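First comes the structure, then the notes that go with it.
The values are calculated or read from the model by the stated rules, or taken from the named source; none is laboratory data. Please read these numbers as outputs of a predicted model, since none were measured by experiment. When we count neighbours, we look across all protein chains shown, and the Cβ atoms used for this are built from the backbone with ideal geometry, even at glycine.
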Amino acid sequence: MDDATRTELEAAAFRAMRDHLRARTDVQNIDMMNLAGFCRNCLSRWYQEAAEARGVPMDKETARELVYGEPYDQWRAKHQTEASDAQKAAFARSHAEH
């Protein structure tokens, strides 16, 4: 496989994951962090870092909107719930070394 095709496939996979996460608003970021070690905010930070590494200026809010599909504050108001004590404890255990 040539590099251009690999890049196109990787981009398509990223868009599919992004779209899946946009549709699964029931999945909370803390659950993703506890199970997978990353969340939508991580994804948006990686997007921003990739842009900046290529000389494309991008702020955190722009990157988050690209991942969430709307301004982050709006997404949070509509979809984010308060983390339970169990979720918070799992997060503390799984991220103790960070």
message = Out of everything in the stretch 1-43 that is of a type outside the set (A, V, I, L, M, F, W, C) and surrounded by 15 or more Cβ atoms within 10 Å (Cβ to Cβ), what residue ends up being nearest to the chain's Cα centre (by Cα)?
response = Arg40
ask   = Any residue at all in the stretch 59-69 that is modelled with pLDDT of 95 or more and on the phi > 0 side of the Ramachandran plot?
value = yes
Selection count, the stretch 17-58, where residues are among the acidic types (Asp, Glu) and under 25 Å from Ala86 (Cα atoms) = 2
request  = Select from the stretch 44-61 the residues that are surrounded by 15 or more Cβ atoms within 10 Å (Cβ to Cβ) and out of contact with any Asp or Glu (no Cβ under 9 Å at 6 or more places or on another chain) and list them in ascending order.
outcome  = Arg45, Tyr47, Ala51
query = How about the stretch 22-84: which helices (runs of 4 or more DSSP H) wholly inside it have at least 2 residues that are more than 20 Å from Ala12 (Cβ to Cβ) and in contact (Cβ under 8 Å) with a residue 40 or more places away in the chain?
reply = 29-36, 72-79
remark   = Selection from the stretch 58-71 of residues in contact with a helix residue (DSSP H, G or I) (Cβ under 8 Å, 6 or more places away or on another chain) and more than 13 Å from Arg45 (Cα to Cα) yields Gly69, Pro71
task = List every residue pair whose Cβ atoms lie under 9 Å apart, where the two residues are 6 or more positions apart in sequence or sit on different chains, the first residue falls within the stretch 1-18 and is in a helix (DSSP H, G or I), and the second residue, located anywhere, is exposed (fewer than 10 other Cβ atoms within 10 Å of the Cβ).
result = Leu9/Met1
